[in-house]
Amino acid sequence: MKLRGVIDGRQQELELEPTEGGYIVTVEGRTLEVDCANLEASFYSLIIDGKSYEISVREGAVPDEYAVRHGGHLRTVHIVDPMAAIAGAHLVQTGTITVKAIMPGRVVKVLVEEGDEVDEAQGLIVLEAMKMENEVDSPRRGKVQSVFVQPGQTVEAGDKIAVIE
C-alpha cells in the first residue's frame, strides 16, 4: 500500500507491505523491516533493524492526523492515501470541524474567542504537557463557533477544544 506522509512539515512517500507480526516499510528508497506489537491501548513496541522502540500513537485533532510520541519527542504525522486524495481533490472542506486535544495536558492560554476568524494552522490554544508548551492549531480557515476550554483547565486526549465552521 502506498501512502503519503507529512512529518514535521516534510512530505514523504511511504510503501507498506504487511508481514506476519509487522511490515516491510520503504521510505525515501530505504527499506526497513519493522516488527510491531500493540502493548496496550495506544502504546506499541517496534523493532526496526534490530533496535527496540516504544511509542504511543493517538488520533490527532483532524482526520488522518496522528500524535506520535517516542521518549520526550512528540511529532504530528498526517497520513494520506494518494488515491483517496485524488478522488477527493475536487471536494471543498465545508461544514463544521471539531478540534480535539491530541494529548492530555493543562490549557495555558486560549488564543481565540467565539466568533473569531482563523486561518489554517493558526493557533487556537497553548497546551502544556510533559513540561512542554504545544500550540494546537486550526485545521483550516474558518470562524470559531465554540471554544470548550479555558486557562488552567486540564484536558485529556480526545477532549473537544473548539469547533470551526
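The number of residues in segment 55-75 that are among the small types (Gly, Ala, Ser), surrounded by fewer than 18 Cβ atoms within 10 Å (Cβ to Cβ) and farther than 20 Å from CYS36 by Cβ comes to 1. Only one of the numbered conditions (1) surrounded by 12 or more Cβ atoms within 10 Å (Cβ to Cβ); (2) touching a strand residue (DSSP E or B) at 6+ places or on another chain (Cβ under 6 Å) is not met by ASN38, and that is (1). Checking each residue in segment 122-136 for being within 14 Å of the chain's Cα centre (by Cα) and buried (at least 19 other Cβ atoms within 10 Å of the Cβ) picks out ASN134, VAL136. Of the strands (runs of 3 or more DSSP E) lying entirely inside segment 1-76, those containing at least 2 residues that are within 22 Å of PRO104 (Cβ to Cβ) and hydrophobic (A, V, I, L, M, F, W, C) span 51-59, 65-70.
Here ALA121 does not qualify as touching a Pro at 6+ places or on another chain (Cβ under 7 Å), at pLDDT below 85 and in the same structural domain as THR154 (by TED's automatic domain parsing). Confirm whether HIS78 is surrounded by fewer than 12 Cβ atoms within 10 Å (Cβ to Cβ) and under 14 Å from the mean Cα position of the chain (by Cα). Considered against the rule, which asks whether it is surrounded by fewer than 12 Cβ atoms within 10 Å (Cβ to Cβ) and under 14 Å from the mean Cα position of the chain (by Cα), HIS78 comes out as no. Cβ separations smaller than 8 Å between residues 6+ apart or across chains give no pair from segment 127-149 residues that are in the same structural domain as GLY60 (by TED's automatic domain parsing) to residues that are part of a loop (DSSP other than H, G, I, E, B) and at pLDDT below 90.
Would you call ILE48 modelled with pLDDT under 85 and surrounded by 14 or more Cβ atoms within 10 Å (Cβ to Cβ)? It is false that ILE48 is modelled with pLDDT under 85 and surrounded by 14 or more Cβ atoms within 10 Å (Cβ to Cβ).
In segment 97-114, the count of residues that are surrounded by 14 or more Cβ atoms within 10 Å (Cβ to Cβ), in a loop (DSSP other than H, G, I, E, B), more than 15 Å from the chain's Cα centre (by Cα) and of a type in the set (Asp, Glu) is zero.
The values are calculated or read from the model by the stated rules, or taken from the named source; none is laboratory data. This is a predicted model, so every value here is computed, not measured. Cβ: placed from backbone, ideal geometry, glycine included. Neighbour counts: every protein chain shown.
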